[in-house]
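Just below is one structure, and these are the notes that go with it.
The values are calculated or read from the model by the stated rules, or taken from the named source; none is laboratory data. Since the structure is predicted, the reported quantities are computational estimates derived from the model, not experimental observations. Here the Cβ is made from the backbone with ideal geometry for all residues, glycine too, and neighbour counts use every protein chain on show. The accessibility values were calculated without ligands, DNA or RNA, using every heavy atom of the protein model including side chains. Shrake-Rupley method; radii C 1.70, N 1.55, O 1.52, S 1.80 Å.
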Amino acid sequence: MDARFTREGPLLEIESYPGWAQDMVADCVDSRLRVVDHELTRLMRDAELDPAQLRTFLTGFWPVIEQFPQYMAMNLCKVQYGRTPGHDMARHYLIRNIRVEQNHADHWVDWAEASGVSKLDLLYDDVPTAASALSHWCWHTCERDPLPAAMAATNYAIEGATGEWAMVICSGGTYEKSFGPESRRRAMKWLRLHAEYDDKHPWEALDIICTMMGSDPSPRDVASLRSSVRKSYEYMRLTLDSCLDAGSDVTTVRPPMPVERRERVLA
C-alpha cells in the first residue's frame with residue numbers, strides 16, 4: 001500500500017487530511033479550548049484586566065514571541081533539501097515565516113508600550129516560573145524532537161490556538177477602544193494580524209506534518225505528535241493561569257526579596 005500523503009482537498013478543511021490527523025485534532029480539542037476560552041482572554045476582551053495581570057501577560061509571553069524565529073531556525077536545521085516532498089515544503093515554509101515572526105516581535109513591543117510596559121520591562125522583568133515553562137518547552141522540542149513533532153508543538157498548536165484567542169480578544173471592539181486614537185492602530189496590530197479568520201499558518205504546518213508522516217504512520221509516531229500538541233496547549237494554559245493569578249493586589253511581578261538579603265540592604 002502506498003502510504004504517501006498529498007493533500008487534494010481545501011487547505012482549511014480538516015476533512016482534507018488523513019484520518020489519523022483528524023483523530024489527533026479531535027483528541028486535543030478539550031486542551032485547546034482550555035486555552036482559547038480561558039478567563040484571561042474574556043477579561044482582556046472586555047478590557048477588565050488589572051495592570052499587574054496585563055503586565056505579567058505581556059512580559060510572560062514575550063520570551064515565546066521573541067524566540068519564535070529561533071524555534072523555526074532550529075527546525076530548519078533538521079531539513080534536507082530534496083530529501084522528501086515534506087522536507088521541501090517545510091524548508092519553504094520555515095524560511096518564509098522566520099522574517100514574518102521578527103515583524104511580530106516588533107508589533108508585540110508596540111502593544112506593550114501602548115499598555116505602559118516598556119521594551120526594557122519585556123527584556124528584564126522577572127515573571128512567574130509557570131509563565132516561563134512555555135518558552136522552555138518550545139525550545140526543548142525544537143532542539144530535541146523530530147521535525148514533525150516540533151512543528152506540531154509550535155507552528156500548528158501554538159500558532160493555531162494563539163490565532164483563536166486573539167480573535168476572542170478582538171471581538172466586540174471593547175479592548176481596541178480602551179486605547180487612545182493616537183496609539184490604537186499600533187497597539188492592536190499584533191492582535192489583528194493573529195486574529196485573521198483565514199490565518200493559514202497552522203493549517204500549512206498541519207499539511208507539512210501530514211506530508212512528512214504519510215497516510216499510515218505508526219501508532220507510536222501519532223501518539224508522539226498528539227503528546228506534543230497537548231503539551232503546548234497545557235503550557236499555554238499554565239502561562240495564562242499565572243498571568244491571571246497576578247491579581248489586583250500585586251503591584252509588581254518581581255519576586256519578594258529574601259529576608260536575609262533585605263536585612264543586608266536595610267543595614
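Which whole-Hz couplings ³J(HN,Hα) result when phi for each residue of region 145-161 is put into the Karplus expression 6.51 cos²θ - 1.76 cosθ + 1.60, θ = phi - 60°, listed in order with x for Gly and Pro?
In residue order, the calculated couplings are 8, x, 3, x, 5, 5, 5, 5, 6, 9, 5, 8, 5, 5, 5, x, 5 Hz.
Which angle from 0 to 90°, rounded to the nearest 10, does the C-alpha axis of helix 219-245 make with the longest principal axis of the chain?
10
What shape does region 21-93 take by its C-alpha gyration tensor, where a ≥ b ≥ c are the square roots of the eigenvalues and a/c under 1.5 counts as rounded, a/b above b/c as prolate, and the rest as oblate?
Judged from the Cα gyration tensor, region 21-93 comes out oblate (a/c at least 1.5, b/c at or above a/b).
Calculate how steeply helix 129-144 sits against the longest principal axis of the alpha-carbon atoms of the chain, using the helix alpha-carbon long axis, and give the answer as 0 to 90 degrees to the nearest 10.
Once rounded, one gets 30 degrees.
Among 217, 134, 157, which residue has its Cα furthest toward the positive end of the charge dipole of the chain, with +1 on Lys/Arg Cβ and -1 on Asp/Glu Cβ?
134
Of all the accessible heavy-atom surface of the chain, with the other protein chains kept in place and a 1.4 Å probe, what percent is carbon and sulfur?
Heavy-atom surface of the chain belonging to carbon and sulfur, 1.4 Å probe: 51 percent.
Using just the Cα positions, wrap region 23-179 in a convex hull and report its mean projected area in square nanometres, one decimal place.
With every direction weighted equally, the projected area is 10.1 nm².
Any chance you could run the full-extension gain for residue 7 through residue 192? It's 0.36 nm times the residue separation minus the Cα-Cα distance, nm to one decimal. Working shown, then result.
Details: separation 185, 0.36 × 185 = 66.60 nm, distance 2.89 nm.
Stretched fully, the residue 7-residue 192 segment lengthens by 63.7 nm.
Where in region 115-213 are there chymotrypsin sites (Phe, Trp or Tyr not before Pro) that are in a DSSP coil and have at most 16 other Cβ atoms within 10 angstrom of their Cβ?
Here the chymotrypsin sites (Phe, Trp or Tyr not before Pro) that fit, given the DSSP loop and packing criteria, are 197.
Sum -39500 (n - 2.57) across every DSSP H segment of at least 4 residues in the chain, then divide by the residue count to get the 222 nm mean residue ellipticity, nearest 500.
When only DSSP H runs of four or more count, the value is -21500 deg cm²/dmol.
Return the loop-located GluC sites (Glu not before Pro) in region 1-62 (DSSP other than H, G, I, E, B) with at most 10 other Cβ atoms within 10 Å of their own Cβ; answer none if there are none.
Values: sites: 8, 13, 15, 39, 48; in loops: 8, 13, 48.
Qualifying residues, ordered by number: 8, 13.
Counting only trypsin sites (Lys or Arg not before Pro) that are in a DSSP loop and have at most 13 other C-beta atoms within 10 Å, tell me the longest site-free stretch of the chain.
Excluding the exposed sites themselves, the longest stretch runs over 84-199.
Cross-link candidates for residue 231: which lysines have Cα within less than 24 Å, leaving aside residues fewer than 8 places away along the same chain?
78, 200
What are the lysines whose alpha-carbon lies under 22 Å from the alpha-carbon of residue 177, with same-chain residues fewer than 8 places away excluded?
Output for residue 177: 189.
By how many degrees, 0 to 90 and rounded to 10, does the Cα axis of helix 184-194 deviate from the longest principal axis of the chain?
30
Karplus couplings for region 100-116 from phi (6.51 cos²θ - 1.76 cosθ + 1.60, θ = phi - 60°), rounded to Hz, Gly and Pro as x?
Listing the rounded values in order: 4, 5, 5, 4, 5, 4, 4, 5, 5, 4, 4, 4, 4, 5, 5, 9, x Hz.
Can you tell me how region 139-222 classifies by the Cα gyration tensor, rounded, prolate or oblate, using a/c under 1.5 as the rounded cut?
Prolate is the answer for region 139-222, as a/c is 1.5 or above and a/b outweighs b/c.
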